[in-house]
Amino acid sequence: MDAVACDGLILCMAVSEHVENAGVHSGDATLLTPPQDINEETLAKITAITRAVAGALEVTGPMNMQLIAKDNVLKVIECNVRVSRSFPFVSKTLDHNFVAMATQVIIGEKVEPVDVLGGCGKVGCKVPQFSFSRLAGG
């Protein structure tokens, strides 16, 4: 989950679905956004958890959270109050610049919330690029 908040209120958020099982680092994972295989109940829980965490931490700016979902039971395994590597991916795929919005919020500009969670008619897939050919003996 990637989001931008102001004083703990979510202004925009995106949910990306890992194709691999839990345990693969998000930087090395294949991601889909908007999610293609997350049911509405789980997505609603992700949204509620995101709002609760942003509010409790009084986030102003970017945030990223990793969650594990199984049978609609969710666990937060990581929360970062910073831009993640998936911010550019969700920005491009959802046609909304999360980084620009986070910057505006941080410098104190008034920013209106936008709902991009459902996407804009396209699905993005991010796959890792490993530089094995650069390693000695590779």
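Derivation of every value follows stated rules applied to the coordinates shown; laboratory data play no part. It should be emphasised that the depicted structure is a prediction, and the values quoted were computed from it without experimental measurement. Here the Cβ positions follow ideal geometry from the backbone for every residue, glycine too, while neighbour counts run over all protein chains shown.
Spatially, the stretch 39-102 and the stretch 1-20 are offset by 3 Å when compared through their Cα centroids.
Suppose every Lys and Arg Cβ carries +1 and every Asp and Glu Cβ carries -1, with no other charges. What dipole size does the chain come out with about its Cα centre, to the nearest 20 debye? Let's see the in-between values first.
Details: 11 positive and 15 negative charges, 79 e Å.
Using Cβ point charges on Lys, Arg, Asp and Glu, the chain gives about 380 debye.
For the residue pairs Lys45/Lys122; Lys92/Lys122; Lys45/Lys70, the C-alpha atoms sit more than 20 angstrom apart in Lys45/Lys122. Between the listed residues Pro62, Pro128, Asn39, the Cα displaced farthest toward the positive end of the dipole of the chain, a dipole computed from Cβ unit charges relative to the Cα centre, is found at Pro128. The residues Phe98, Phe89, Phe132, when put in order of fewest to most other Cβ atoms within 10 Å, stand as Phe132, Phe89, Phe98.
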